[in-house]
Amino acid sequence: GELLLCEANMVYKYIQEDGSNRGTYGKLVCTNFKIAFLDDDSASDDNEPQFKNKIIGENDITLQCVDQIYGVYDEKKKLLTGQLRKYPEKLIIYCKDLRVFHFCLRYTKEEEVKRIVSGIIHHSQTPKLLKRLFLFSYASAAPNNTEGRNQTVMFDTLEDWRVELERTKGNVKYKAVTINEGYRVSEKLPLYFVVPICVSEENILKYEGRGIPIWCWSCHNGAALLKMSAFPKEQDDSTSQTQKAFLDGIYKTISKAPYELLKTDDLSSSLPSLQDIQTAYTRFKQLFLIDNSTDFWATDVKWFSLLESTNWLEIIRRVLKKAIEVAECLERQHTNVLLIEECATDLCCVISTLVQVMMDSYSRTKSGFQSLIQKEWVIGGHGFLDRCNHLHKSDKEEAPVFLLLLNCVWQLVQQYPLAFEFTETYLTVLSDSLYVPIFSTFFFNSQHQKDTNTSGESLKTQSGPFRFLTVWDWSVQFDPKAQAFLNNPLYAEKPKPDKSQRKTTRFKHQRQLSLPLTATKSTTKRGFFREETDHFIKNILGKRISKFINSSDEPPNSFREFYDSWHSKPVDYYGLLIPRIDGPEIKVWAQRYLRWIPEAQLHGGGTIATAAKILDLMEEVQSLQVKMDEEHSQAISGDVCSVPLLRNSARLSSLFPFALLQRQSIKPALPTSTWKDLEDEDDLVKRDDEFVDLTGDMP
């Protein structure tokens, strides 16, 4: 389905890392899928990256991955948008995966320069219709292959929800409903979802799904995590009173046993706004979009102050803290938690996903995590199309909400690597997949939008409905050798309890047994606000629903006591996980943000070098196992060949597997006096001359 739109010959691509203007000539092309640089000196087989993406090459940029385009006029950078009067001599493309490409157009024919520059700007920056996405061109031309779901639960059938209810023991108090079939309740809600058993379908229909507690997950002790779309704030008095009476009725209905006490949390007031998140991330990513070595060393001097001023790490810390607070309510206080947001499709998704990753070991397996993303984000109605601004319709709607989640999950993965079946490389690749428009997973705002656009009637060549690929089939992007980097070799599956013990340990958590009991612990089966119902009704008329229990009602040291108590005990990798959130514990996701900056690499170091060494050992063990099995079965041992080791971790750098070992810049462009304080300048030059470039030796 890919079509060539425009091209330019004799384009010179700089190797921007070393500032020496070295590079290579080639052809720059723009298609309906990507911008690509085709050079004559393509990588030889022995220099081929080991972690190769089958869809996107080293010099490919999908149109959705383009962040900003700058032109250089007389050594001055200018942002390029719309129609251009004068065409630049250099083109700089900044990507959303933080790559930076420099192209020199001085030696290219003028007509070709006009075509390629205006073509790239038009196809990557101007607003477009949904059906113009490459997603549809690919789906209409590609074979109808829907295999390879890899045990990921898609949550697009009623049965998927019933199985999940049964898995979490939530089917006693909650039910999956079909009332939204045909989207007769709301286009924002999925076809199937789960509500408390006592909520009637009539009530769900009444306000188009708003004001209804929707089930996310049930804890082992029966407490549940719920979410709710709030009613619009500004309305006339009569409508407002009707809605309050409706809410009152809903809460009276579920204020009886077997439901637990409830705590609500209005995330729009207790967490940063989407605008704050977008502003912080915009500042943060600028630290990593480095043009050259000079820029890197200039920012390196004031790195910590620049990092702090972005506020990105503080937002991650606040989100993790909120998830811990919710986990405390569910685990220790046996309290239901209701998350409230305007549409319950942004921060609700972040918090509910984090809580499940922290509390449910199944969500820390690869298939479990993918199923969780399907449940809370894809089917849950997160507006990927708007939040990622794939169509360039409105910058106001753009916010990196899903990236925020991945950053938070990464904090947990790097603090407790043994608890996760997947690696940080998996998370990095998942973040890159946001911008690959051959998978439908991250390119719709809701299940309704996907369903209504699945019909292929607009394309004459397409007779049946589109068959979109899911991102969870990793074989589309990577071969088996590359996929090995997505799986944690040190992860051990949760041991299954003996049948004789299963009855007594069914609802017990190792971590729960180690938590201190509060002096004023309420009974687990207490009615839903029995004594407090009258007080609640009075409050609800004067205040928004989310205010009826405030976190300030809790003892101020309750959170700290829970946090410190958990961290004082040994970690149970199959139980509750609480991230460390104090001060420097919140770190920068180095693999994602520094992987294209050679100056930041650790030669022969970094977590990836360790992981590669472990994979080497695993291959060796498997090879020996094969030999032993062969000898045991009295086969001819001479026929057995050992598995060739693919990696040599001593020659890797922390940029691996995304970039090969690269030479550092010859001389950091810091004031000379700074370097003279460290050591004599001649020594620096000598030291650089002695550097052994291992690139040619890479496997």
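Using a probe of 1.4 angstrom and keeping all protein chains present, the accessible surface of region 4-126 works out to 49 square angstrom per residue. On the beta carbon distance between residue 393 and residue 233, with R0 = 30 Å, the FRET formula returns roughly 0.75.
Would you please give the FRET efficiency between residue 572 and residue 626, computed as 1/(1 + (r/R0)^6) with r the Cβ-Cβ distance and R0 = 35 Å, to the nearest 0.05? Each step should come with its number before you reach the end.
Details: r = 35 Å, r/R0 = 0.99.
Efficiency, from the Cβ-Cβ distance: 0.50.
Over 21 Å between C-alpha atoms is what I'm after, so list which of 13/481; 128/450; 34/481; 227/321; 13/90; 173/494 land there. Pairs exceeding the cut-off: 13/481; 34/481; 173/494. Computed from the Cβ-Cβ distance with R0 of 30 Å, the FRET efficiency linking residue 617 to residue 52 stands at 0.80.
Subtracting the Cα-Cα distance from 0.36 nm times the residue separation, let me have the gained length for residue 248 to residue 282 in nm, one decimal.
Numbers: separation 34, 0.36 × 34 = 12.24 nm, distance 4.16 nm.
Computed gain between residue 248 and residue 282 is 8.1 nm.
Specify whether the C-alpha gyration tensor of region 327-395 places it in the rounded, prolate or oblate class, a ≥ b ≥ c being the square roots of the eigenvalues: rounded for a/c under 1.5, otherwise prolate if a/b is larger than b/c and oblate if not. Kindly include the intermediate steps, with their values, before the conclusion.
Values: a/c = 3.39, a/b = 1.60, b/c = 2.11.
It comes out oblate by the Cα gyration axes.
Taking every protein chain into account, the 1.4 Å probe leaves residue 308 with about 150 Å² of accessible area, to the nearest ten. Taking all protein chains together and a 1.4 Å probe, the residues 279, 264 rank 279, 264 from largest to smallest accessible area.
Full extension of the segment from residue 490 to residue 343, taken as 0.36 nm per residue of separation minus the current Cα-Cα distance, would add 49.0 nm. Summary of the geometry: region 224-267 and region 571-604, compared by the centres of their Cα atoms, lie 39 Å apart. Placing a pseudo-label 7 Å from each Cα along the Cα-to-Cβ vector at residue 142 and residue 128 gives an inter-label distance of 1.6 nm.
Heavy-atom accessible area for residue 28, with the other protein chains in place and a 1.4 Å probe, reaches approximately 0 Å². Scoring 54-64, 173-183, 208-218 by mean Cβ neighbours within 10 Å over their residues and listing the highest first yields 208-218, 54-64, 173-183.
Potential lengthening of the chain between residue 114 and residue 159 amounts to 10.7 nm, from the contour at 0.36 nm per residue minus the alpha-carbon distance.
Sorted by mean Cβ packing within 10 Å, highest first, what order do the peptides 615-624, 118-127 take?
Values: 615-624: 14.3, 118-127: 17.6.
Highest to lowest by the protection proxy: 118-127, 615-624.
The values are calculated or read from the model by the stated rules, or taken from the named source; none is laboratory data. No experiment lies behind these values; they were computed from the predicted model shown. Methodologically, a virtual Cβ is constructed for each residue, glycine included, from the backbone with ideal geometry; neighbour enumeration extends over all protein chains shown. Note: areas computed on protein heavy atoms with side chains; ligands, DNA, RNA excluded. Shrake-Rupley method; radii C 1.70, N 1.55, O 1.52, S 1.80 Å.
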